[in-house]
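What follows is a set of notes on a single structure, which appears directly below.
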Amino acid sequence: HEYWNLQSPPDFVTFAKKMQGSGFYSKKEFRASKPYRLYNTWMGEPLKLLQLEVILRTMDNDNLLDLVRSSGDSVISGLNELAGLFPQNVRNVRGQGTFVAFDADSPEERDIILTEMRNHGVHMAGCGDLSIRLRPALVFSDKHVAEFLDILENVLMDRGK
């Protein structure tokens with residue numbers, strides 16, 4: 001909540017996968033009144049906490065959040081430039097850091113773009129009816145941004161849209 005300068009913290013925050021486990025935390029008034037009211041098979045796996053500790057230390061030592069912010073700004077800027085060239089299939093560019101998405105013209109066009117990007121070695125996913133989303137690794141740098149944008153531009157040029 002600090003990142004978005006919210007007046008107060010959210011009632012609940014959820015986390016999963018990248019945190020090596022899944023769960024949530026909440027404001028005190030939302031906590032269960034008795035232990036283990038909320039329980040799942042992933043709770044209490046100490047090895048996952050050790051893995052998370054190493055991941056967080058690496059993120060800090062290697063300044064990966066700064067890299068995410070920088071490369072995210074670059075990819076959003078590049079997508080906005082492509083939106084000017086291909087307004088039908090690069091619309092509504094949005095994102096934070098490297099969690100980025102844009103909309104295609106139609107579900108069919110979106111699926112074609114995704115297939116072509118995968119055929120060129122870029123893993124992306126669809127979301128909803130029109131959206132194409134990018135969720136790269138934390139080490140995604142400006143070099144990767146340039147390669148991604150070049151491939152996307154070539155795919156869109158081949159589409160003629």
- Evaluate the relative contact order of the chain (contact order divided by residue number), counting alpha-carbon pairs under 8 angstrom at least 6 apart; express in whole percent. 17 percent
- Of all trypsin sites (Lys or Arg not before Pro) in region 1-103, which ones are in loop regions per DSSP and have a Cβ with at most 14 other Cβ atoms within 10 Å? Lys27, Arg31, Arg37
- Note on the structure: For the chain, the count of lysine pairs 8 or more apart or interchain whose alpha-carbon atoms are under 27 Å apart comes to 13
- Helix-only [θ] at 222 nm, the chain, -39500 (n - 2.57) per DSSP H run of 4+, per residue, nearest 500, equals -14500 deg cm²/dmol
- Starting from region 1-87, pick out the chymotrypsin sites (Phe, Trp or Tyr not before Pro) whose DSSP state is loop and whose Cβ has at most 15 other Cβ atoms within 10 Å. Tyr3, Trp4, Tyr36, Tyr39, Trp42
- Computed for the chain: size of charge dipole around the Cα centre, +1 on C-beta of each Lys and Arg, -1 on C-beta of each Asp and Glu, debye to nearest 20, value 920 debye
- Task: Tally up the carbon and sulfur contribution to the accessible surface of the chain as a whole percent, 1.4 Å probe, everything protein left in place.
- Result: 54 percent
- Along the positive direction of the dipole of region 17-107 (beta-carbon charges: Lys, Arg +1; Asp, Glu -1; about the Cα centre), which of Ala83, Leu64, Ser33 reaches farthest? Ser33
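Kirkwood hydrodynamic radius of region 1-93 from all distinct Cα pairs, in Å?
17.1 Å
If contacts are Cα pairs under 8 angstrom and at least 6 residues apart, what is the relative contact order of region 83-158 in percent?
Numbers: 92 pairs, mean separation 20.4, N = 76.
Across region 83-158, relative contact order equals 27 percent.
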- Quick one, which of [x] 19.3, 61; [y] 41.3, 150; [z] 22.2, 65 is the actual Rg and Dmax of the Cα atoms in Å calculated for this model? [x]
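The values are calculated or read from the model by the stated rules, or taken from the named source; none is laboratory data. Note that the structure is predicted; figures quoted are calculated from it, not measured. Using ideal geometry, Cβ is built from the backbone for each residue, glycine included, and neighbour counts are taken over all protein chains shown. Heads up: the accessible areas ignore ligands, DNA and RNA and are worked out on the full protein's heavy atoms, side chains in. Shrake-Rupley method; radii C 1.70, N 1.55, O 1.52, S 1.80 Å.
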